[in-house]
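These notes concern the structure reproduced below.
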Amino acid sequence: FFRRLRENLSKTREALTSEIQATLFDTLDEETWERLEEALIMADVGARTTAGVVGQLEQEATSGQVEGGPALQERLIELLAGIAKTGTDTIDLRHEPTVIMAVGVNGTGKTTTIGKLAWHLQRELGKTVLLGAADTFRAAAVEQLTRWAERAGCDIVTGPEGSDPGAVAFDAVAQGRERGVDVVIIDTAGRLHNQEDLMNELAKVRRVIGKQMPDAPHETLLTIDSTTGQNGVRQAKLFSEAVPVDGIVLTKLDGTAKGGIALAIAGELQIPVKLIGIGETLEDLRPFDADDFARALVA
Ligand code: GDP
């Protein structure tokens, strides 16, 4: 998995290593910190998080706490990994059923992620999964999710086009309980007439799920497209103001030089990345590992 991740992050690595070569830390002066700062910002680590990391590293280096060269590079990796490790990086599947609410802007890979997740839960963890198609706003969304359910080999609860998304979510959780499935994954709208409508709807779907099962949803996952740069931080902020977001699924990491967005979101919003999407097929979902990620980014 580590090798695969490194391959997938190779673009990010190229972008960074062009700046962060081992020799960068041989001589330490103003230019060292400027170049490091620039490289991290280029990789989408975000201005605030970058400033924090570079400031800390500079302080430790100038006070003699850490030596230059490879030791400083290791310390940089440690600092970056530390930022990525915020909150819990796992998903608790011990509820009966565990209800996962999937949220995210259209096009970020939400539907694909639900398909991948359903497949992994069944295939690798032996769980039974039921999907709820609560994006009733777009007929195409229901069709698309239905196709993913077929591919993943799980059942899906749908409602008529334009029907109440909350009702579909409620029904899906109810059926999940009745049938004794392990995990219910609820899809939600990724775009409505306007942003406010969307956020209100997500909050409402969440409340309705809670009426069926008081402690649910147990996990709210937000998909963020890693190729959209700092937009991802804005989306994460917006969604987390509407519903408590427990984790990020960082998608399209196979085609980007911008993996640093994971650190920007973790650093600024304290929301952990839990899963990464590295392709368009069922198998292309991986757990996020902060240490491997930080190392792949700069080493
Ligand atoms: P949604 O509108 O958020 O539900 O997005 P979709 O799941 O329909 O995905 C939008 C596009 O992104 C599709 O063409 C997917 O195949 C593609 N996609 C989703 N996840 C990934 C990923 O991890 N890597 C790549 N390369 N493409 C992805």
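The values are calculated or read from the model by the stated rules, or taken from the named source; none is laboratory data. The model shown is predicted, which means the values in this text are computed figures rather than measured ones. So basically every Cβ, Gly included, is an ideal-geometry build from the backbone, and we count neighbours across all protein chains shown. Areas reflect the complete protein model, heavy atoms only, side chains present, ligands, DNA and RNA absent. Shrake-Rupley method; radii C 1.70, N 1.55, O 1.52, S 1.80 Å.
What a 1.4 Å probe finds exposed on the range 86-162 is 47% carbon and sulfur by accessible area, rounded to a whole percent. Simple rule: put +1 on each Lys or Arg Cβ and -1 on each Asp or Glu Cβ in the chain, find the dipole, and look at 251, 189, 176; the Cα lying farthest toward the positive end is 176. Classify the range 27-185 from the C-alpha gyration tensor, please: rounded if a/c falls under 1.5, else prolate or oblate depending on whether a/b exceeds b/c. Verdict is prolate for the range 27-185. What's the local net charge at residue 86, with K and R +1, D and E -1, over the other residues with C-beta under 12 Å away? Every neighbour counted, the sum reads -1. Annotation: the antiparallel percentage among DSSP beta bridges lying fully within the chain is about 10. Here the relative contact order of the range 94-253, from alpha carbon pairs under 8 Å that lie six or more residues apart, stands at 32 percent.
Compared with the alpha-carbon gap, the fully stretched path from residue 197 to residue 29 is longer by 55.4 nm at 0.36 nm per residue. Overall dimensions of the range 96-231, expressed as equivalent-ellipsoid semi-axes from the Cα gyration tensor (√(5λ), whole Å, largest first), are 21, 18, 14.
Positive end of the dipole of the range 188-299 (Cβ unit charges, origin at the Cα centre): among 236, 223, 202, the Cα lying farthest that way belongs to 202. Normalised per residue, the accessible area of the range 152-191 is 42 Å², obtained with a 1.4 Å probe and no contribution from ligands, DNA or RNA. Cross-link pairs exceeding 23 Å in C-alpha to C-alpha distance, out of 211/274; 211/237; 237/274; 116/211; 116/204; 127/204, comprise 211/274; 211/237; 116/211; 116/204; 127/204.
This model, with +1 at the C-beta of Lys and Arg and -1 at the C-beta of Asp and Glu, gives the range 95-138 a dipole about its Cα centre of some 140 debye. In the elastic network of the chain, a GNM with C-alpha springs shorter than 10 Å, the most mobile of 225, 135, 215 is 215. When Rg and the Kirkwood Rh are both derived from Cα coordinates, the Rg/Rh ratio for the range 173-260 amounts to 1.03. Convex hull volume per residue, computed on the Cα atoms of the chain, equals 117 Å³.
List the pair-distance distribution P(r) of the range 57-132, using every Cα-Cα distance, as the percent of pairs falling in each 10 Å bin from 0 up to the bin containing the longest distance, rounded to whole percents. All Cα pairs considered, the percentages come to 14, 29, 21, 15, 18, 3. About its Cα centre, the range 240-294 has a charge dipole of approximately 120 debye under the convention of +1 per Lys or Arg Cβ and -1 per Asp or Glu Cβ, with nothing else charged.
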